[in-house]
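A.B. asks: Below is the structure I would like to discuss, written out as structure tokens.
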Amino acid sequence: MYNASKFPSFLNGCGGLLFSWGDNFHGLVTLGTRFDGATFVSNSMIMQGTTEQNGFMREAIRLAADNVQKGGGPFGAVVVLDGCIIGSGANRVTTSLDPTAHAEITAIREACRHLGHWQLTGCEIYSSCEPCPMCLGAIYWARPAALYFASTREDAASIHFDDAFIYRELQQPLEARSIPTFQLLRDEGLRVFSAWETNPDKIRY
């Protein structure tokens, strides 16, 4: 059951948004933006966030912590637009049997459904950990205004997650990667690209 005490000072009137907090609750909740301060990591530097930014980061961390208690991975994320959370997610790889169900992906999907669009223009993403390469790719495709994270890829590696390893793999030539990777039928693949490029009804993204 939804417990409003988990969200202190959510009082700024962001309106009712449909959220899924965990696996068992779906409901209409009112979200706001007032929180206390903290320090977190952004890109390659440590920054002192605003009260609002720190609050959103703490919400991502809270989602991660709650998810651990439910048997999920230690990752959480929120998507924010105009000071309101429009999407949230926790890592559900093992609980949903989906290797792509990372917190950032889940939050992006929810935010895009809320906006009715495939891009997160003007949005900010707060993640409890530096995104893995898959999530970072999704974030770039979604094109938010900013990304903030708390723990680093090295921190994740220290508890046996593959983030740092995959980042290193991407820098390797195909023949040196741990998963054998080969190219086949390029000419046939290019014909699909040609069909796309000449399609007058295509929607670029």
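A.B. asks: With the checklist (1) of a type in the set (Gly, Ala, Ser); (2) on the phi > 0 side of the Ramachandran plot; (3) open to solvent by 30 Å² or more (accessible area, probe 1.4 Å) in hand, flag the one item GLY83 doesn't pass.
C.D. replies: (3)
A.B. asks: For residues in the range 47-80 being assigned to a strand (DSSP E or B) and modelled with pLDDT of 95 or more, which is surrounded by the most Cβ atoms within 10 Å (Cβ to Cβ)?
C.D. replies: Applying the first criterion (assigned to a strand (DSSP E or B)) to the range 47-80 yields 47-48, 76-80.
Then keep just the ones that are modelled with pLDDT of 95 or more; that gives 76-80.
On the way: GLY76: 30, ALA77: 35, VAL78: 28, VAL79: 30, VAL80: 31.
Only one residue fits best here, namely ALA77.
A.B. asks: While we're on this one: Take residues that are surrounded by fewer than 19 Cβ atoms within 10 Å (Cβ to Cβ) and within 14 Å of the chain's Cα centre (by Cα) and tell me which of the helices (runs of 4 or more DSSP H) falling wholly in the range 96-166 contain 2 or more.
C.D. replies: Numbers: elements: 103-115, 133-142, 153-158.
Helices (runs of 4 or more DSSP H) meeting the threshold: 103-115, 133-142.
A.B. asks: Which of (1) of a type outside the set (A, V, I, L, M); (2) in contact with a Phe, Trp or Tyr (Cβ under 6 Å, 6 or more places away or on another chain); (3) at pLDDT 95 or above does HIS117 not meet, given it meets every other one?
C.D. replies: (2)
A.B. asks: Continuing with this model, one more query. From the list ILE105, ILE159, which residue is modelled with pLDDT of 95 or more and touching a Cys at 6+ places or on another chain (Cβ under 9 Å)?
C.D. replies: ILE105
A.B. asks: Identify the residue in the range 173-192 that is in a helix (DSSP H, G or I) and open to solvent by 70 Å² or more (accessible area, probe 1.4 Å) and, among all such residues, is farthest from ASP162 (Cα to Cα). Give the derivation first.
C.D. replies: Here is the first cut: in the range 173-192, the residues in a helix (DSSP H, G or I) are 174-176, 186-192.
Next cut, open to solvent by 70 Å² or more (accessible area, probe 1.4 Å) only: 174-175, 186-188, 191-192.
Working: LEU174: 18, GLU175: 20, ARG186: 30, ASP187: 34, GLU188: 34, ARG191: 35, VAL192: 33 Å.
The selected residue is ARG191.
The values are calculated or read from the model by the stated rules, or taken from the named source; none is laboratory data. In this text the structure is predicted, and so the values were computed from the model without any measurement. Note: ideal-geometry Cβ built from the backbone for every residue, glycine included; neighbour counts use all protein chains shown. When the accessible area is computed, the model is the full protein with side chains, heavy atoms only, and any ligands, DNA or RNA have been set aside. Shrake-Rupley method; radii C 1.70, N 1.55, O 1.52, S 1.80 Å.
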